[in-house]
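**Q** The structure's right below; bear with me while I get my questions together.
The values are calculated or read from the model by the stated rules, or taken from the named source; none is laboratory data. Note that the coordinates shown come from a computational prediction; the quantities given were computed from them, not determined experimentally. Cβ placement follows ideal geometry from the backbone for every residue including glycine, while neighbour counts extend to all protein chains displayed.
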Amino acid sequence: MSAGPSSAREDWLASSAGGVEGTPLPGARELVSSSWWRARSSGLDPDRVLPPVLADAADLRARREAHPLAAVLPTARHLLLAEPLGVPVLMAVSDRDGTLLWVEGDPGLRRAAEAMAFVEGARWSEDVAGTNAPGTALALNRPVRVRRGEHYATAVSGWSCSAAPVRDPLTGQVLGVLDLTGGDDLGRERALELVRAAVGAVEGELRVAALRRRLVPRAADAPAPPRLTVLGAVPALEAAGQRRPLSLRHSELLLLLRTGPAGGQSAAQLAADLDDRELAPVSVRAEVHRLRAALAERTRGALDVSPAPYRLLGTLRCDALDLREALRAGRTREAVRAWTGDLLPGSDAPGVRDLREELRTELRSAVLEGDDDQALLEFSRTAPGRGDAVVAHDLVARLQPGDPGRAEAVARLHRLRG
């Protein structure tokens, strides 16, 4: 931001509070002055602005999966985070309404940004957050940079940001915004140029994808790959546009085949993973035969099992494996929010028990060893986290006095110790 000393901001606050609407703020850029007046006309108090968090975990997940920018997120990460400016940064991606779908980057900055609700699911459009790079870029439909005191909200006046809209390359419709947020360097022209370049790259990628769909129309109509849901009490298989419950034994088999060796498994190997007792391989062969018939009917041939050695033919997604992938990519909060229950809690199959315990341990380790306090707090509200005294103790140590989450953790710790 180019707000200058704090006295300049004080002048702007006084002018916008008591002056004639639309009068240029003394020494402010025209972009900033007009944006401040829009915020004032919306009735926003700069000392009380707190963007609303509109999307819960399920809504946020649905928005992400449906959003066109999800496909180009790896490119944005590479350009804005993997090749940093030499200073701590946050990358934010919003939809066209200003709701932040992804906020990634420096863990320390993420924790600090939570205090001003710069978090995934929060809406940062100009009408509810005042002058800020993502919201003002959407309001003006062009790239902008906002430095420190140029932000309308007092809580954001120590931050700088640069943002630019991303458009559908074929229709020109705004899809959302790419934003870099951090210290003063992020309000400088070089940061804005980097954001512009990243936008150009992702728009180019979107154009190539759109042209491919035009050249091969059937590719656009290809159904999503089958997805196995094993987190929680009722396993299910989503395929051919339908979600239907799946028997526990078939769920166990699919999970073991999906996580097993690429070369496949024998009936005897599967028998050992399915039952502690001496399950006869012939029983496994019969169950695989029934599973193949179920897959043929439910997935319309998209998924099958090869003859022995048994291995999956086709692509099968799995909610537990998506969660594990998020953990290993450092997206701890996303993984916590994807946790909807233990992996096949009704199963006593040895191979499933091992996977269940590994996933629980990996999730717990990630939140305890990571720097994301919000992820730790949300984990403490899950079934495995609620009874974990170490989690409660760490929350009490990491959160500041007065934080509602800390009070919640103190109460839980007393209960667990009492």
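**Q** In region 365-418, which residue that is more than 24 Å from the chain's Cα centre (by Cα) and within 19 Å of Arg337 (Cβ to Cβ) is surrounded by the most Cβ atoms within 10 Å (Cβ to Cβ)?
**A** The selected residue is Ala409.
**Q** Given the condition surrounded by 21 or more Cβ atoms within 10 Å (Cβ to Cβ), touching a Phe, Trp or Tyr at 6+ places or on another chain (Cβ under 9 Å) and assigned to a strand (DSSP E or B), answer yes or no: does some residue in region 107-119 qualify?
**A** no
**Q** Any idea which of Val199, Val166 is assigned to a helix (DSSP H, G or I), within 23 Å of Arg63 (Cα to Cα) and at pLDDT 95 or above?
**A** Val199
**Q** Among the residues of region 11-20, is there at least one that is at pLDDT 80 or above, in contact with a helix residue (DSSP H, G or I) (Cβ under 9 Å, 6 or more places away or on another chain), not assigned by TED's automatic domain parsing to the domain that holds Arg148 and not polar (S, T, N, Q)?
**A** Yes, that holds for at least one residue.
**Q** A further question follows. Can you tell me which residues in region 323-359 are of a type in the set (Lys, Arg), over 21 Å from Val119 (Cα atoms) and surrounded by 16 or more Cβ atoms within 10 Å (Cβ to Cβ)?
**A** Within region 323-359, Arg324, Arg356 meet the criteria.
**Q** Could you tell me which numbered condition Gly27 fails, if it satisfies all but one of (1) small (Gly, Ala, Ser); (2) closer than 29 Å to Glu378 by Cα; (3) outside the structural domain of Pro165 (by TED's automatic domain parsing)?
**A** Going through the list (1) small (Gly, Ala, Ser); (2) closer than 29 Å to Glu378 by Cα; (3) outside the structural domain of Pro165 (by TED's automatic domain parsing), Gly27 breaks only (2).
**Q** If you don't mind, another one. Out of Val234, Val208, Val216, I need the residue that is modelled with pLDDT under 95 and farther than 30 Å from Leu175 by Cα. Which one?
**A** Exactly one residue qualifies, and that residue is Val234.
**Q** So Arg145 fits all but one of (1) in contact with a helix residue (DSSP H, G or I) (Cβ under 9 Å, 6 or more places away or on another chain); (2) part of a loop (DSSP other than H, G, I, E, B); what number is the exception?
**A** That leaves (2) as the condition not met.
**Q** In addition: Of the residues in region 281-323, how many are over 18 Å from Pro226 (Cβ atoms) and without any contact (Cβ under 8 Å) to a residue 40 or more places away in the chain?
**A** Qualifying residue count, region 281-323: 9.
**Q** Could I ask something else about it? Quick test of your reading of the structure: Met91 fulfils all but one of (1) within 20 Å of Gly370 (Cβ to Cβ); (2) surrounded by fewer than 22 Cβ atoms within 10 Å (Cβ to Cβ). Name the failing condition by number.
**A** Of the numbered conditions (1) within 20 Å of Gly370 (Cβ to Cβ); (2) surrounded by fewer than 22 Cβ atoms within 10 Å (Cβ to Cβ), the odd one out for Met91 is (2).
Yes/no per residue for (1) farther than 30 Å from Gln269 by Cβ; (2) part of a helix (DSSP H, G or I); (3) of a type in the set (D, E, K, R):
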| position | (1), (2), (3) |
| --- | --- |
| Ala326 | no, yes, no |
| Gly330 | yes, no, no |
| Glu334 | yes, yes, yes |
| Ser365 | no, yes, no |
| Asp371 | yes, no, yes |
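**Q** While we're looking at this one, here's another question. Filter region 72-87 for residues that are touching a strand residue (DSSP E or B) at 6+ places or on another chain (Cβ under 7 Å) and at pLDDT below 90 and give the result.
**A** Once the filter is applied, which keeps residues that are touching a strand residue (DSSP E or B) at 6+ places or on another chain (Cβ under 7 Å) and at pLDDT below 90, region 72-87 yields Leu81, Val87.
**Q** So Glu358 ticks every box in (1) assigned to a helix (DSSP H, G or I); (2) touching an Asp or Glu at 6+ places or on another chain (Cβ under 9 Å); (3) at pLDDT 95 or above but one. Which box is left unticked?
**A** Unmet for Glu358, out of (1) assigned to a helix (DSSP H, G or I); (2) touching an Asp or Glu at 6+ places or on another chain (Cβ under 9 Å); (3) at pLDDT 95 or above: (2).
**Q** Any chance region 72-93 includes a residue that's β-branched (Val, Ile, Thr), in the same structural domain as Asp168 (by TED's automatic domain parsing) and free of Cβ contacts under 8 Å to residues at least 60 places away in the same chain?
**A** No, that holds for no residue.
**Q** Have a look at Ala262, Ala271, Ala293, Ala280 and point out the one that is of a type in the set (A, V, I, L, M) and either within 18 Å of Phe379 (Cα to Cα) or crowded, with 20+ Cβ neighbours inside 10 Å (or both).
**A** After applying the criteria, what remains is Ala271.
**Q** Give the number of residues within region 219-268 that are in a helix (DSSP H, G or I) and not charged (D, E, K, R).
**A** 13
**Q** Something else: Got a number for residues in region 373-416 being among the polar types (S, T, N, Q), free of Cβ contacts under 8 Å to residues at least 60 places away in the same chain and part of a helix (DSSP H, G or I)?
**A** Counting residues in region 373-416 that are among the polar types (S, T, N, Q), free of Cβ contacts under 8 Å to residues at least 60 places away in the same chain and part of a helix (DSSP H, G or I) gives 1.
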